[in-house]
1. Between Glu203 and Arg254, what is the spin-label point distance in nm, taking each point 7 Å from the Cα along the Cα→C-beta axis?
2. Per the helix-only calculation at 222 nm, which mean residue ellipticity applies to the chain, given -39500 (n - 2.57) for every DSSP H run of n ≥ 4 and division by its residues, nearest 500 deg cm²/dmol?
3. How large is ³J(HN,Hα), in whole Hz, for each residue of the range 99-107 in order, when computed from phi with the Karplus curve 6.51 cos²θ - 1.76 cosθ + 1.60 and θ = phi - 60°, using x for Gly and Pro?
4. May I ask you to order 93-99, 205-211 by the average number of other C-beta atoms within 10 Å around their residues, highest value first?
5. Taking amide H atoms as placed 1.01 Å from N in the peptide plane, list the residues 5 or more away in sequence, or in a different chain, whose amide H sits under 5 Å from that of Cys56.
6. What nm value, rounded to one decimal, do you get for the distance between Asp177 and Asn134 when each label is placed 7 Å out toward the C-beta?
7. Can you list the residues, at least 5 places off or on another chain, whose amide H is less than 5 Å from the amide H of Val183, using H built in the peptide plane?
8. Give me the number: length gained by fully extending Ala169 to Glu126, i.e. 0.36 nm times residue separation minus the C-alpha to C-alpha distance, one decimal in nm.
Amino acid sequence: MQIQDSKGIFVGGASGMCRATAEQFAAKGGKVAILDLEKSDGANVAKALGGTFHVCNVMDYEGIEKVIGEAVAKLGGLHFLVNTAGGGVATRTISKEGKKHPLEDFRRIIDLNLVASFNINRIGAEHMSKNEPNAEGERGLMINTASIAAFEGQIGQVAYTAAKGGIAAMTLTMARDLGGIGVRVMTIAPSLFDTGLTRGIPEAGAMQLTKDAAFPRRMGKPKEFATMAIAMFECAMMNGSTVRVDGGQRFAPR
């Protein structure tokens with residue numbers, strides 16, 4: 001698909017990897033809507049990109065449907081949807097002291113990452129289905145965010161890995177569901193990236209966490225996530241897969 005004049009919604013676009021993707025998309029002539037929490041820097045980011053900002057909470061499943069609808073109306077359509085919203089907890093199934101992983105925490109992480117991603121996708125796909133297809137029959141692309149923890153989760157990441165693994169697992173099935181209307185679905189599974197969640201890690205700590213990568217042995221840069229996301233948008237053969245962006249990193253148990 002061509003980015004010039006295409007319309008994109010970036011959930012979590014006020015910072016980090018999603019912001020970098022919105023910036024690259026806008027630089028290539030795309031129109032952007034930034035969706036993020038009210039306390040975020042989304043309004044300033046959107047203004048800098050000539051786009052619109054829409055306050056949302058991905059856990060408000062009904063509310064975000066309204067917000068996405070408002071963003072699509074402002075944009076005049078939807079061709080690209082990127083979602084990086086998510087998070088985790090550090091809790092073992094059973095702690096060394098014998099305490100069970102709180103079930104409510106497990107459910108919350110599944111809701112935040114997996115259920116919210118599916119909800120955003122089903123809403124986005126409905127809007128994309130109304131597009132006029134291009135010459136190749138394409139109507140749009142949706143990108144979800146997993147993690148390499150989906151494949152080799154570390155101790156204490158059981159809820160997070162279940163959620164991110166679910167995102168990876170649904171990618172092909174959803175792509176098959178939507179193939180008939182020309183909507184593609186991809187997932188990016190990043191390793192540790194230099195974003196707001198990791199920015200406070202000391203350099204020595206970051207080196208320790210990434211020492212097992214093949215190359216480069218450092219945290220990823222948001223623009224590297226964005227480069228992959230933009231390539232996926234522009235290449236129609238990118239569909240139904242989860243792509244690791246990790247420098248050859250494989251998480252050890254801890």
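Quick note: the coordinates plus some simple rules give every number you see, no bench work behind them. All of these numbers come straight from a predicted model, not from anything done at the bench. Neighbour counts are summed over all protein chains in view; Cβ atoms, including those assigned to glycine, are modelled from backbone coordinates with ideal geometry.
1. 2.8
2. Numbers: 9 runs with 100 residues, N = 254.
The per-residue figure over the chain is -12000 deg cm²/dmol.
3. Result, rounded to whole Hz: 8, 6, 4, x, 4, 5, 5, 4, 4.
4. 205-211, 93-99
5. Those lying under 5 Å, H to H, from Cys56 are Asp36, Leu37, Glu38.
6. 2.4
7. The answer is Arg139.
8. 13.4 nm
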